[in-house]
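First the structure, in the form of structure tokens, and then the observations on it.
Read the figures in this text as sums done on the coordinates, not as results from a lab. Fair warning: this is a prediction, and the values are worked out from it, not measured in the lab. Here the Cβ positions follow ideal geometry from the backbone for every residue, glycine too, while neighbour counts run over all protein chains shown.
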Amino acid sequence: MRGIPSSEITPEHVYLSRRRFMAATGALGAMLALGACGASPDTSPTAPADTRTDELGDRLNSFEQITTYNNYYEFTTDKQRVARLARDFRVSPWEVAVGGLARRPRVFGLEDLLRFEQEERIYRLRCVEGWSMVIPWLGFPLRRLLAEVEPLAAARYVRFETVLRPEEMPGQRDRFYPWPYVEGLRLDEAMHDLTLLATGLYGRSLTPQNGAPLRLVGPWKYGFYANVNPDVPHPRWSQATERRIGEGGRRPTLPFNGYAEEVAALYAGLDLRVNF
Ligand SMILES: Nc1nc2c(c(=O)[nH]1)N[C@H]1C(S)=C(S)[C@@H](COP(=O)(O)O)O[C@H]1N2
Ligand SMILES: [Mo]
């Protein structure tokens, strides 16, 4: 976090320190004004279903599904209980420190980040556990934030560090996992247009259970080094197929989660069985 001289620990890195980082690739507050994003959608039980799809023709998961089935170990490993435990998480004030190998290291307030043009991106989210969803995020490409701090030529990676607040995050009192959660991306992955800092979903501010107030989204990855790859099984879960939340049965998992056309070139020459 801000007090830790991350620049000394990881001199090869541009680092990004924030209170929460969602990996998978794969963190907004209840009261944020997402000025350009329009009014909140009607998500009441009687609201008409949102029939929009992603570029593959897959229907969006519902707001209900996206906000009640969560992996967020800082709160609990029980997906159905995250929303309840995260309800009162304080998301304001919020700061993100970006430093390391940067010409203009800076601390951004959340209000600074909301001044970047916010766009909607419909992405598939594939969990290594073998389930997936289609989520209409709001946010902006991470590369716009990085451009502001001007990474030095020597920078090769971005290191992300989440909030450490065990008083508010009961899962962080469990010493089984090392806290805070740290993730990483190669700088070229971080600069890719698909790589998003999400500030909302379904046209409104992020809910705490989905990573409010700010969350990293890299839709073709599970985490540092690990890309979605149906050919490389995880020790616990085959990666060949997945269950789309809300559907019965399983569907084939696509290389790079269906984003191969956009991202495969980043990994040209790598053995993706080893470097999955
Ligand atoms: N800080 C943090 N980020 C995290 C996780 C987590 O436990 N803590 N879980 C990851 C996993 S395994 C998945 S599948 C997604 C889940 O995001 P969602 O609950 O918003 O759908 O967040 C990822 N990012
Ligand atoms: Mo996951």
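Summing +1 for each Lys or Arg and -1 for each Asp or Glu, what net charge is found among the other residues whose Cβ lies under 14 Å from the Cβ of R115?
So the environment of R115 carries a net charge of -3.
Considering amide H positions built from the backbone, and no H for Pro or chain starts, which residues 5 or more places from R244, or on another chain, come under 5 Å of its amide H?
For R244, the qualifying residues are S132, R251.
Would you please put 219-230, 142-153, 118-129 in order of how densely packed they are, using the mean number of other Cβ atoms within 10 angstrom per residue and starting with the highest?
219-230, 118-129, 142-153
Which of the listed residues, Q172, A147, G249, is farthest toward the dipole's positive end in the stretch 130-274, when Lys, Arg count +1 and Asp, Glu count -1 at the beta-carbon?
Farthest towards the positive end: G249.
Quick one: if you stick a label point 7 Å off each Cα along the C-beta vector at A153 and R175, how many nm between them?
4.7 nm
Read phi for every residue in the stretch 60-76 and hand back ³J(HN,Hα) as whole Hz from Karplus 6.51 cos²θ - 1.76 cosθ + 1.60, θ = phi - 60°, with x for Gly and Pro.
Running phi through 6.51 cos²θ - 1.76 cosθ + 1.60 with θ = phi - 60° gives 4, 6, 6, 3, 4, 4, 5, 9, 10, 10, 10, 9, 7, 5, 4, 9, 6 Hz.
With contacts defined as alpha carbon pairs under 8 Å and 6 or more residues apart, what's the relative contact order of the stretch 94-242 in percent?
Relative contact order of the stretch 94-242: 24 percent.
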